[in-house]
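J.: So that we are looking at the same thing, I have put the structure below in structure tokens.
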Amino acid sequence: MAELTVETAYATALFDAANDIGKENIILSEITQIKKLLIQNGEFLEFLKTPVIEQEDKKQALRDIFTGRISKETLNFLYILIDKRRMSKFIKIADMYTALLNESRNISPGTIYSAVDLTYEQIKDFDEKVSNLIGKKAELKNIKDPSIIGGVKIFVEGKVIDATIKKRLTDLEESLRI
């Protein structure tokens, strides 16, 4: 049984609320943007986490920044995190929310490494092929890695599909040692 963490509890509550009002994608987009903002501006995250600063001052800062830019549901969720002193968990909560949404839609995100950037069509073709292999809809993100020389390496569902030239050369080298 999966361990129930603070992040899981808050992400599940947010997901259930978003699902009830049909705003799963809107809230996903908003919390993803907020997550990026907090990662890029560590000082702002520190401000929101610091227990010395009054909660109302933190909420006012959130109002000033986000009113009219995010839904009232997401803003209210941020207020709850401030009230419960859980803003330090926001990034993990956002990640867990994304995982819950993907799971509910039978989507499995993954990464495809290639020596050169792949085209949109190539990525979609790999998405389809991997989806057939794993029995879920795969959504692969391409990362360029010239060290693999050629071919692709795919990470999805905790599995690795390594069809790189580098891997073939390594395998050949191993077989020649025997």
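J.: Report the gain in length on full extension from residue 133 to residue 12: 0.36 nm times residue separation, minus Cα-Cα distance, nm rounded to one decimal.
T.: Here the segment from residue 133 to residue 12 would lengthen by 40.7 nm.
J.: In deg cm²/dmol, rounded to 500, what helix-only [θ] at 222 nm does the chain give when every DSSP H run of at least 4 residues adds -39500 (n - 2.57) and the total is split over its residues?
T.: Helices in the chain give a 222 nm mean residue ellipticity of -19500 deg cm²/dmol.
J.: Report, in degrees rounded to the nearest 10, the 0 to 90 angle that the Cα long axis of helix 90-104 makes with the longest principal axis of the chain.
T.: 60
J.: Let me ask another. Quote to one decimal, in nm, the extra length available between residue 65 and residue 36 on full extension: 0.36 nm per residue of separation minus the C-alpha distance between them.
T.: 9.0 nm
J.: Can you give the % of DSSP beta bridges in the chain that are antiparallel, to the nearest 5?
T.: Beta bridges within the chain, antiparallel portion: roughly 55 percent.
J.: Pop the C-beta distance of residue 171 and residue 117 into the FRET formula with R0 = 22 Å and round what comes out to the nearest 0.05.
T.: That gives a FRET efficiency of 0.25.
J.: When Rg and Dmax of the Cα atoms in Å is calculated directly from the model, which label among (1) 25.5, 104; (2) 20.8, 69; (3) 18.9, 60 fits?
T.: So the structure-derived entry is (2).
J.: Now for a different question. Roughly what angle does helix 24-40 make with the longest principal axis of the chain, taking Cα atoms, 0 to 90 degrees, to the nearest 10?
T.: Helix 24-40 sits at roughly 90 degrees to that axis.
J.: In whole Hz, with x marking every Gly and Pro, tabulate ³J(HN,Hα) for the stretch 150-164 from phi via Karplus 6.51 cos²θ - 1.76 cosθ + 1.60, θ = phi - 60°.
T.: For the stretch 150-164, the Karplus-derived couplings read x, x, 9, 10, 10, 10, 7, 6, x, 10, 10, 10, 10, 10, 9 Hz, x marking Gly and Pro.
J.: If you don't mind, another one. Estimate the FRET efficiency between residue 23 and residue 88 by the formula 1/(1 + (r/R0)^6), using the beta-carbon distance for r and 35 Å for R0, to the nearest 0.05.
T.: Efficiency for this residue pair is about 0.90.
J.: For the stretch 69-86, just list the computed ³J(HN,Hα) in residue order, Karplus coefficients 6.51, -1.76 and 1.60, θ = phi - 60°, integers in Hz, with x standing in for Gly and Pro.
T.: Whole-Hz 3J(HN,Hα) from phi for the stretch 69-86: 10, 10, 5, 5, 5, 5, 4, 5, 4, 4, 4, 4, 4, 5, 4, 8, 6, 10.
J.: Mind listing P(r) for the stretch 108-177? All alpha-carbon pairs, 5 Å bins, whole percents.
T.: Going from the shortest bin to the longest, the percentages are 4, 18, 26, 22, 16, 8, 5, 2, 0.
J.: So how tilted is helix 55-66 from the main axis of the chain? Cα-based, degrees 0 to 90, rounded to 10.
T.: The helix 55-66 is inclined about 60 degrees to the chain.
J.: Would you mind telling me the antiparallel percentage of the DSSP bridges in the stretch 108-177, rounded to 5?
T.: Here the antiparallel bridges make up roughly 60 percent for the stretch 108-177.
J.: Considering only C-alpha atoms, what is the centroid distance from the stretch 153-169 to the stretch 68-102, in Å?
T.: For the stretch 153-169 versus the stretch 68-102, the Cα centre distance is 35 Å.
Bear in mind these aren't lab numbers, they're just calculated from the coordinates by the rules spelled out. All of these numbers come straight from a predicted model, not from anything done at the bench. Counting neighbours? That spans all protein chains shown, and the Cβs are built from the backbone with ideal geometry, glycine included.
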